[in-house]
Structures are given as C-alpha cells and as structure tokens.
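Working notes, structure below.
Quick note: the coordinates plus some simple rules give every number you see, no bench work behind them. Small disclaimer: the values here were computed from a predicted structure and weren't measured. Don't worry about glycine lacking a Cβ; one is built from the backbone with ideal geometry, like all the others, and counts go over all protein chains shown.
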Amino acid sequence: MSDRDALRRRLVHHLGLKELARAGWLRAGVAAPESVAAHSWGVAWLVLVLAPPSIDRGRALAIAVIHDLAEVDVGDVTPYDGVSQEEKRRQEEAAIEELVGGLPGGDELRALWLEYEDQSSPEGRFVKACDRLDMALQAQRYAAAQGVEVGDFIDSALAGLPAGLLRELAAP
C-alpha cells in the first residue's frame, strides 16, 4: 500500500465522526440527534463569531475542529456511561496518538487537542466555553422542535460558564 493510500484510509476513518450520533441526545430521547461532527462545527461557528480580540481565533478554530476527534475511536462517552474521567482521558489520549500520529502536522494537532483537554491556554478555555454554549443552544432547539426535556443539559452548560455573554446566550 502506498503512503498516499494509507493517508487516504486514515482520513476516511476520521470522517466517521460525521456518522457518530451524540450519546447524550440519544439518552434524552432526541429523534435523529446531531453527530459529533455537527457539534464540532457548531462549536467552531461559535468560536468564529464570538471570539474576543484577546483570543487567537485561528488557533481556537483549530482546537474546536479537533476537540472531539478521539471520539471517532472511543465513542461519545458521557458521565452516564460509568467510565471514570481518568479512564476516559487515557482512552482518548491513546486514540489521539493513533489518529494524528504520522499525519502532516500531527504533533501540532496533538498539542491543540491537549490545550483543550488540559484547559492550558485562553483558546482552549474559550473553546470549552463555546462547547458548553453549543450544548445549551442545541438543547433549546431540541426542546422547541421535539418537546424533549433538556433542563439537565442547560443546567450543566450554565454551571460551567462564567458570567458574561456566553452564559447569557446559554440561558433560556
């Protein structure tokens, strides 16, 4: 197999994120829930529109795109799955190593993922806030369209958002 064919196979595998339904929405009874990739796009959109001048928007966008990539191999693990945070982190870190190792810019991609996971930069923290905002806004969409009870999702998002615009946007 050529290097190009191997790269193509790996990239096609990563696109599986488009088909992975968000587990929390499934558990809540949402019909036809968004995929993890759709969620990542939502987070990226919020970053693009809401990034304050103090944030490196390009870096934050890159973090938003990669923040859930490990789920293509690990799945969308939720707090209801009985997996400890330590075990989830171990599985996702191993998945990221496999998913981006050997790719062009793989070391940088891994570093971006770690910025999000470790909340070690202003960009990583902003993307995390946008991740929570996306969940709250999507919950409101599902409540309006399907009558699904989403209070837990909104409460969870609000609990992790500091005072300010993002928190105000998340509140119903």
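Remarks
- Annotation: peptides 83-90, 56-63, 160-167, ranked by per-residue average of other Cβ atoms within 10 Å with the highest first, follow the order 56-63, 160-167, 83-90.
- Each peptide in 9-22, 128-141 was scored by the mean count of other Cβ atoms within 10 Å over its residues; highest first, the order is 128-141, 9-22.
- Summarising the amide proton neighbourhood of GLY75: residues at separation of 5 or more, or on other chains, whose placed amide H is nearer than 5 Å comprise an empty set.
- Size of charge dipole - the chain - debye, nearest 20, with Cβ of Lys, Arg +1 and Asp, Glu -1, no other charges: 460
- Out of every Cα-Cα pair that the chain contains, those further apart than 28 angstrom amount to 23 percent.
- Computed [θ] at 222 nm, helices only, for the chain once each DSSP H run of length n ≥ 4 contributes -39500 (n - 2.57): -20500 deg cm²/dmol
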